[in-house]
Amino acid sequence: MPGSKSKTLSSLFRSATKLSRQWKSATTPLTSTQDIAPKQYVSSIKSTSSSSSSRVNDSGESPTLLSREISSILCGDLASYLSDSEESCNGSYLENVLDVPWLSNVEKCNTSLRRKEIARERKEKWTFKSTQISRFHQLVKQCACKLGTDTTIKVFGKLGRETGLKEYNALIRLCIEKARETNDEEASLKQLSKAYQLLKSMKEQGFQVEKESYGPILMYFIDFGMVQEFDFYCELIIDRNADSLARLAYYEMLLWTKVEDEDKIEELLYYLSLYDGADKSVFQDFHNDEHVAENYLLALCERDRVKDFVRLLRTVDITKISSTDCVTSIFKFLGKLQLESFAKKFLQELVTRDIGAEDTSNFIYDYTTSIPNLAVEDIILEFKKLYAELENWLGILNKLLQLPSESVVEDIILEFKKLYAELELRPISSQYQKLIMYCCELFKVHAALDMVDQMFEAGLTLPLETFNSILEACDKSREYNLVHRIYSMILRHDIKPNSETFRIMINMTVRTKDFEGAYGMLKDLEKFNVIPTTNMYNAIMAGYFREKDTHAALKVLKQMEDANMKPDSQTFSYLISNCTSGDNISKFLDEMKDSGVQRTKHVYMALINGYAASGQYEKAKQVIDDRGVPVKGFNEIRSVLVSALASHGQMSDALKIYEEMKEAQCMLEPKAIICLIEKLQDEGDLHRLLHLLEQLNGLDHWVDASYRVITYCIRRDQFRSIVDLLKKLVDVYKYDEVAKEVLFDEVFCQIAEKDPINLQLGLDLLQAIKEEIGLLPSRQSLDFLLSTCVNAKDLQACYLIWKEYKIAGLPYNILSYVRMYQVLLALGDYKSAANILNKIPRDDVHVCSVVQACQAAYGTSASAKGKKKKKKIGKDVRCEKWSS
């Protein structure tokens, strides 16, 4: 926003005063006894009540005629379709816009499927929320955009609709939105003038001006640091509206923190602590209001003013804060700042005032879940006492050392339990559920299940929806083995699962390849009075197909028939996708048709995979030309075609379709892009691979594809591209030291396994990691480089790598000495090998066996150089203590 927006509003005020006189004569609304729903407004375009039809305004325009004019504006050219004669007919009015079909020429066949598609496309073109307020805001916004705010107010009066708070608030929001969107000073001043007049009109009509009305205006001035304008508008808001004073304190503190006026902030806090003095702000008469402090606190929380927040917090009586939302914000900020002493003090004060277990639980939850990420060392120090008492719970101390820095779910749970214990409160069921759902969102399913165990031990119950959420999180995080623990809980605690519970459990059981257990669950359905579903059988069928057991998968189809389970589109998708001949595909298509199952997006994808697997690539390409292919999933289907063709060696066709999609500005699905990158490893060029990599938006897919491109670069000795990609991945793993270490270990592992060997690539990469990326190599990365030295038979590089351990701050240990001993023997430096051997402890049988294996593989100085040298050394490298 240009700085000129901070001009004084004297010119604006003059124009506002001028407009005010015009406004009063134009905004005298006709009284309506009740609010009319937005749907009635739209329908009034078509027909009006007898009372309103007889009403004529000052200009001689009837509401009916005005309705037609408005509809003409809102509907665009729709009104032009009506002839003059049609308009003159009493029974013919403008066609309601909601009655106009958005899609024409609907095919008579597949009526049910087409009806669903029409509904989806309607939602894409126009979305109405189910609430009256949302519909009304949409109507007001349309009117204001088409007619202008002044005319809109007049229109509501002519329609017999009294302008109320909802209308005013919607129009004010629209004015501020337009002021924010424009860079034209005059245009923005005009919108602010309209907002001012709307506020003034509200007050003149006796409305109480609340934060919903003035909030957007004040936030505009705050965002652009317009101090004089802020004061100017506040004077209007405060006039005969003393109730707004405390809330305006919130906006005032936001303003001074935004413009960084430290003197003003100090002044406000000082007078608040003294409850006297002459404040120079527009709020000089309210600094002794008890609600001011809580609004200052809210503002300071939002601006992260830690020092001022703590200072003010020391003077606040938490029990006198009227707003629960304010108390919630305070506890969240306390957690963010880790002000445990304040949190405990306030919780104890609230408990003494008997605020209720529910609210206390919520505040504890707000505090514990807001504690930010900490380094592992800091977490251990801070919660040392707690870990000592509860180290058996979740094995937290051991797990914490292995967790990446962003994972603090266990710490949140521990802090939660600690506060409850200190306050002598018993956690309630709803709070446990919150923590369990929090764990599920982060896929910490083991912690979630431990919380479930604690709930049952405490005699609490768990809703089935929460249980299903845990199952879904286990499924998504691939913790399939936990299904047995969960099913055991269901049986022990008499939980009544539903069909969805069993579907997920059967799918997870199949994922563990326990088909017998999956069938056992199907048999248990009768015990719980749950009716089996097609999806349960589909899960088992899919599992057999993954195991390439086609015979068992087809038996599932027979079992479905015996159980009177009709196959659905997903069933046929599995069957068709795993066909190896065109005849079988045709057979299943006929069965689909006979069963009345419609072709869905997944069926078309299965057809592509089935035809490609059976070598009928032309038929696979023809699938996307089928008239029934859904428009919404067309790109996904084409992406599957690209993947299928690439996977079966038809790279030229796959790339051709990809280029066509790119020209049409259609996005290829991430899985298809990764498939292309994988299949282009041998015959592709680096430029194309990097271009494909740029097309990926999802972080997980991009990381996966980046590893594949790095593998390609290692094979092709593309040093610079490797470094560039590593830099990007390091940015992704900025706070995850373990992931960064694994990343470099994987790269050096591939260099060690590369054929032909390129040791120089590894050495150059080592220097780039230290100098360009600013990191030190891990022990395992250096171990891989030592192995590369053996394969390259480069003794000098071996000594260079050996020195890097010290440079990286990695002390030599038994494994380091054993590995170096192996390398020196392999490279023929027996004297140095003997020196290293003397540093290896000889009391570990496993180490002894490794050393003996190295000697057997690479020989010794005695066998290579003769017996005299052996006597000179005094002992053969094959020391007696190593042979047993």
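The values are calculated or read from the model by the stated rules, or taken from the named source; none is laboratory data. Remember, it's a predicted structure, so these values are computed and weren't measured experimentally. Using ideal geometry, Cβ is built from the backbone for each residue, glycine included, and neighbour counts are taken over all protein chains shown. Keep in mind that these areas ignore ligands, DNA and RNA; they rest on the heavy atoms of the full protein, side chains included. Shrake-Rupley method; radii C 1.70, N 1.55, O 1.52, S 1.80 Å.
The table that follows gives values for the structure above.
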quantity: Vicinal HN-Hα couplings computed from phi for the range 623-635 (Karplus, 6.51 cos²θ - 1.76 cosθ + 1.60; Hz; Gly/Pro x); calculated: 4, 5, 8, 4, 5, x, 4, x, 5, 5, x, 4, 5
quantity: Rounded to whole Hz, the Karplus (6.51, -1.76, 1.60) HN-Hα couplings of the range 523-529, x for glycine and proline; calculated: 5, 6, 4, 5, 4, 9, 6
quantity: Peptides 554-564, 602-612 ordered by average Cβ neighbours within 10 Å, highest first; calculated: 602-612, 554-564
quantity: Set of the range 248-266 residues, backbone N closer than 15 Å to the point 7 Å along the Cα-Cβ line of residue 185; calculated: none
quantity: Members of 476/513; 476/632; 593/632 lying beyond 19 Å, as alpha-carbon distances in this model show; calculated: 476/632; 593/632
quantity: Accessible surface of the range 224-274, 1.4 Å probe, proportion on carbon and sulfur as whole %; calculated: 45
quantity: In the range 720-819, trypsin sites (Lys or Arg not before Pro) in a DSSP loop with at most 15 other beta-carbon atoms within 10 Å; calculated: 734, 793
quantity: Above-threshold pairs, the threshold being 26 Å between Cα atoms, out of 258/344; 734/770; 178/307; 734/793; 621/671; 527/587; calculated: 258/344; 178/307; 734/793; 527/587
quantity: Loop sites in the range 726-807: chymotrypsin sites (Phe, Trp or Tyr not before Pro), DSSP, at most 15 other Cβ within 10 Å; calculated: 735
quantity: Chain lengthening between residue 442 and residue 457 when straightened (0.36 nm per residue, less Cα-Cα); calculated: 3.0 nm
quantity: With every protein chain in place, the range 781-820: carbon and sulfur % of accessible area (1.4 Å); calculated: 60
quantity: Estimated vicinal HN-Hα couplings, Hz - the range 776-782 in sequence order (Karplus 6.51, -1.76, 1.60; Gly, Pro = x); calculated: 9, x, 7, 4, 5, 4, 5
quantity: Portion, in percent, of the accessible area of the range 436-587 that falls on carbon or sulfur, probe 1.4 Å; calculated: 47
quantity: Whole-number accessible area per residue in Å² for the range 624-725, which is evaluated in the context of all protein chains at 1.4 Å; calculated: 50
quantity: Magnitude of the charge dipole, the range 619-708, Cβ model with Lys/Arg +1 and Asp/Glu -1, debye to 20; calculated: 280
